[in-house]
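Written out below as structure tokens is the structure these notes cover.
The values are calculated or read from the model by the stated rules, or taken from the named source; none is laboratory data. Bear in mind that the values here come from a model prediction, so they are computed numbers and not experimental data. Quick reminder, even Gly has a Cβ in these numbers, built from the backbone with ideal geometry, and neighbours come from all protein chains shown. Each accessible area value is taken on the protein alone, full model and side chains, heavy atoms only, with ligands, DNA and RNA left out. Shrake-Rupley method; radii C 1.70, N 1.55, O 1.52, S 1.80 Å.
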Amino acid sequence: FVNAEVGSWETHLAYTDVKVVTQSTNKVFGLSSGSLFSIDKRDYSVETYSKVTGLNDNGISLIQYSDSDEALFVVYKNANIDLITSNGIYNLPDLKKKTITGSKNINNICFKDGFAYLSSDFGILKVNVNKKEFSDTYIIGENATNVVVKGVCFWNDSIYATTATNIYAAKTSKNLSNYENWNVSLNIPESGVENLSILSFDNKLFLLKANGKLYVKDQQETNDWVLFTSDEILSMNISQG
């Protein structure tokens, strides 16, 4: 029984099945069954987020915090996006409203120099975090065809994007909107096993496979990947909070 006033509403959301975690300096954010909450690292207080508290949609599919931008990206299943900052919640509905053949799903987010790079089921979306607007779209498949991008990262002078079967790379000095500047990498480890995600850390490039094996490459000039661990990793992420 809920003791609520007549004419008022209370939200009852699930926070016991956490699937995604990201963190800022002072808070840990968790996503559980499409519901968002945070735990303050200083006093362990819990804060919940919903349309009642200012979010612009329901059914969250992905969250990712940017330390450099001090902003939390909240991505919904319908491709709507909220940006939570200390100054408030900003809505980016452009992708939700855009007519696209096929899925608009966002799979991962990478941050670089004030921009967010969203890996989607049709390519890469670039968002200017400060201006809170979409600034570019990269369709990187052969002959400018859509490909499902699992993840994006930056390593040395290049940007890398992984699909289930390939790794695309382009020099950041090039026009990334031109698919011809994206090259397919050679000698992908266990080419018969699906790629799950890619990231750079500690001056190395890491590739996670669907069988849980993690591979690493520490030299951009070679195609050599070395098995880092075979401990059946499910996912990987970088957090500097």
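Per residue of region 114-128, what does 6.51 cos²θ - 1.76 cosθ + 1.60 with θ = phi - 60° give for ³J(HN,Hα)? Whole Hz please, x for Gly and Pro, Karplus curve as stated.
Coupling constants for region 114-128: x, 10, 10, 10, 9, 7, 10, 6, 10, x, 10, 10, 10, 10, 7 Hz.
Report the full-extension gain for the segment Gln220 to Ile139: residue separation times 0.36 nm, less the Cα-Cα distance, to one decimal in nm.
26.8 nm
Please report, as a whole percent, how much of the solvent-accessible surface of region 38-130 comes from carbon and sulfur atoms (probe radius 1.4 Å).
Answer for region 38-130: carbon and sulfur cover 44 percent of the accessible area.
Ile100 versus Asn56, label points 7 Å from Cα toward the beta carbon: distance in nm?
Label at Ile100, label at Asn56, 1.6 nm between them.
Could you run the Karplus curve 6.51 cos²θ - 1.76 cosθ + 1.60 with θ = phi - 60° over region 222-236 and give me ³J(HN,Hα) per residue in whole Hz, x for Gly and Pro?
Working through the residues one at a time gives 10, 9, 7, 10, 10, 5, 8, 7, 10, 7, 6, 6, 8, 7, 9 Hz.
Of (i) 7, 30, 34, 21, 6, 2, 0; (ii) 6, 19, 14, 11, 11, 11, 9, 6, 4, 4, 3, 2, 1, 0; (iii) 7, 20, 24, 21, 14, 8, 4, 1, which one was derived for P(r) over Cα pairs in 10 Å bins from 0, in percent from the structure shown?
(i)
Using the Cα centre of the chain as the reference point, and only Cβ charges (+1 on K/R, -1 on D/E), how large is the resulting charge dipole? Debye, rounded to the nearest 20.
400 debye
Roughly how many Å² is the accessible area per residue of region 77-117, as a whole number, for a 1.4 Å probe?
Ligands and nucleic acids excluded, the result is 55 Å² per residue.
Per residue, how much accessible area does region 131-241 have with a 1.4 Å probe, in Å²? Write out the running numbers ahead of the final one.
Working: 6070 Å² over 111 residues.
Each residue of region 131-241 exposes 55 Å² on average to a 1.4 Å probe.
Sketch the reach of a paramagnetic label on Asn26 as a point 7 Å from Cα along Cα-to-Cβ, and name the residues of region 205-241 whose backbone nitrogen lies under 17 Å away.
From region 205-241, the list is 241.
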